[in-house]
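The structure under discussion appears below in the form of structure tokens.
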Amino acid sequence: MVIAINKWDLIENSEEQRKAFENQFDTDLAFMRYYVTIYVSSLTGQRIGQIMEKVDYVLENARREVPMALFNNVLTNAISVNEPPAKHGKKVKIVYGKQVSTCPPTFNIYCNNASLIENSYIRYIENNLRRAFDFKGTPLKVQFKNKREYYELKDETLKDLDLDINDIKKFNKVLQKIAKETNLIDKNVIKTIK
């Protein structure tokens, strides 16, 4: 979101007025503090050429892809500072997360019981993501999902590939044989494939 404030040529003490506008926006738009502002004058042409630069900047942020390992580092740090609150004596255990789409950047976080996650904790994770990565000007979507949904999706993907368990076992045996005969494949990789 880019907010262009026009008729800036009519404002005296523009720096003081700009701060007043920013404070007012922060109050009125508290639900979307990620906005980007630009103060322009269509009459004088002041900063008109910068509007599209701001729009491109916001679009670049909306298309930003965060590597899974980096996202999980930020997630782990956020959890270590503030764990999800327990509810009815039940504790939420977050397994991992990943970015699933862009425009807006959308992140799925898999845990044992997503129904226990409060909106305040979702905002906490979103704020941590905003501090770690430049998402200025674009909304973020953070979704907590039950890890069961991840495994169901994974099973569906395997079905789509039309692989059965026997094919996978045969593939593992071939990899093990190659690993024994050569040093081209790390034996630890084979263990993780099993």
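The values are calculated or read from the model by the stated rules, or taken from the named source; none is laboratory data. These numbers were taken from a predicted model, which means no experiment stands behind them. Virtual Cβ from ideal backbone geometry, glycine too; neighbours counted across all protein chains shown. Protein only, heavy atoms only, side chains kept; ligands, DNA and RNA dropped before computing areas. Shrake-Rupley method; radii C 1.70, N 1.55, O 1.52, S 1.80 Å.
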Using DSSP, restrict attention to beta bridges with both residues in the stretch 1-112 and report what percent are antiparallel, rounded to the nearest 5.
65 percent
Counting only heavy atoms of the protein chains, get the accessible area per residue of the stretch 69-133 (1.4 Å probe) and round it to a whole Å² value.
54 Å²
As an exercise, identify the GluC sites (Glu not before Pro) in the stretch 42-88 lying in DSSP coil whose Cβ has no more than 13 other Cβ atoms within 10 Å.
GLU65
Top positive-direction residue, dipole computed over the stretch 65-133 with Cβ charges, set LEU129, PRO67, SER115
SER115
